[in-house]
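Take a look at the structure set out below.
The values are calculated or read from the model by the stated rules, or taken from the named source; none is laboratory data. Just so we're clear, the structure is a prediction, and the values are computed from it rather than from any experiment. Don't worry about glycine lacking a Cβ; one is built from the backbone with ideal geometry, like all the others, and counts go over all protein chains shown.
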Amino acid sequence: MHTVLRSASKTVVIGSDQPFCVIGERINPTGRRIFQDQLRAGDLSRIEVDVAEQVAGGAMVLDVNMGVPLVDEADLLARAVRLVQGMTDLPLCIDSSVVEALDAGLAAYEGKALVNSVTAEDERLQAILPLVKRYGAAVVALPNDEEEIPEDPARRLELARKVVDVATGRYGIAIEDIVIDPLAMPVGADTSLVMKTLETIALIKDELGVNMTLGASNVSFGMPQRHALGAAFLPMAMSAGLTSAIMDARTPQIVDAVKAADLLLGNDEWGASWISMFRARQGP
């Protein structure tokens, strides 16, 4: 099953038979006080640095989030989308919890975007899925609802199934345009949670067959040596069926682990991408 994303001039395909899709997470003000202050002042110049660093690191899609308190998020997100598209031909993931901001970001975008995100809550499904359909986008769906963020993998599968059924049956969204987030939880909070995420990935792959993504940095939150944990987790998740991740594309240790897993899982024919990556680093 292939999820196809497009900019005005570039296409990226997410699928189990494709190279793992690295979605750069950096254009996000969460936890970045200076960046937040810049955005409140209308200064978007830091975005240019974030784009350049992530493209250089190997990002294939860029997540764009402008969730800053006390700003017009819809206007800011639309401006950021246009700015990023003026700098790179990579497809974008339009990221907001505010419906009006998603609408503005999608309206400003040229191509087929990935929307981040919708949950299994009835109210959110009714608010966001019509936007996804109207703009011909793909969407990230999280298996949590009004009652809980479930730990039980079987319950996560049940909620993922609900989102797929509603999106395809009620709104006519193609199943290949639904990308499930199996919920990556911090290993520092409970060391059993990563195994539950991996079990969820396997269940979703076996029953629904859809593509999956997650916030890879969530796994290592609050722990030392976060890059080492990310570099260990992602290949494990890939072998279970994960096909993309919103992750730190600026960190060679993590990107290298993903590229190595692509090679070992058979998604890098003859090791061409692996070899070319290291030749490029060596220079002339």
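Would you mind telling me which numbered condition in (1) outside any loop (DSSP other than H, G, I, E, B); (2) closer than 27 Å to Asp177 by Cα; (3) more than 16 Å from the chain's Cα centre (by Cα) Gly209 fails?
(1)
Just to be sure before I move on: is Thr197 polar (S, T, N, Q) and either in a helix (DSSP H, G or I) or within 17 Å of the chain's Cα centre (by Cα) (or both) in the structure I sent?
yes
Can you tell me which residue within region 140-153, out of those that are out of contact with any Leu (no Cβ under 7 Å at 6 or more places or on another chain) and either among the polar types (S, T, N, Q) or under 24 Å from Ile173 (Cα atoms) (or both), is modelled with the highest pLDDT?
Result: Ala141.
Is there a residue in region 5-16 that is outside any helix (DSSP H, G or I), of a type in the set (Lys, Arg), crowded, with 20+ Cβ neighbours inside 10 Å and at pLDDT 95 or above?
No, every residue in region 5-16 fails to be outside any helix (DSSP H, G or I), of a type in the set (Lys, Arg), crowded, with 20+ Cβ neighbours inside 10 Å and at pLDDT 95 or above.
Please specify each residue of region 104-129 satisfying the condition of being farther than 17 Å from Ala141 by Cα and more than 18 Å from the chain's Cα centre (by Cα).
Within region 104-129, Ala104, Ala107, Ala108, Glu110 qualify.
Which is of a type in the set (A, V, I, L, M, F, W, C) and either buried (at least 23 other Cβ atoms within 10 Å of the Cβ) or in contact with an Asp or Glu (Cβ under 9 Å, 6 or more places away or on another chain) (or both), of Ile204, Ile175, Ile149?
Ile204
So is Ala189 surrounded by fewer than 19 Cβ atoms within 10 Å (Cβ to Cβ) and touching a Leu at 6+ places or on another chain (Cβ under 8 Å) or not?
No: the conditions fail for Ala189.
Check off (1) closer than 25 Å to Ala280 by Cα; (2) touching a His at 6+ places or on another chain (Cβ under 9 Å) for Val61 and give me the number that stays unchecked.
Unmet condition: (2).
Hey, among Ala154, Ala160, which residue is more than 20 Å from Ile23 (Cα to Cα) and more than 19 Å from the chain's Cα centre (by Cα)?
Just one listed residue meets the conditions, Ala154.
Let me spell it out: the conditions are (1) surrounded by fewer than 17 Cβ atoms within 10 Å (Cβ to Cβ); (2) in a helix (DSSP H, G or I), and Phe221 meets all of them except one. Which number is the exception?
Checking Phe221 against (1) surrounded by fewer than 17 Cβ atoms within 10 Å (Cβ to Cβ); (2) in a helix (DSSP H, G or I), the one that fails is (2).
Can you name the residue in region 17-55 that is of a type in the set (Val, Ile, Thr) and in contact with a Ser or Thr (Cβ under 9 Å, 6 or more places away or on another chain) and is also surrounded by the most Cβ atoms within 10 Å (Cβ to Cβ) among such residues? Explain how you work it out, then say what you get.
We begin by selecting, within region 17-55, every residue of a type in the set (Val, Ile, Thr); these are 22-23, 27, 30, 34, 47, 49, 51, 55.
Then drop every residue that is not in contact with a Ser or Thr (Cβ under 9 Å, 6 or more places away or on another chain), which leaves 22-23, 51, 55.
Details: Val22: 26, Ile23: 30, Val51: 23, Val55: 17.
Filtering first and then ranking leaves Ile23.
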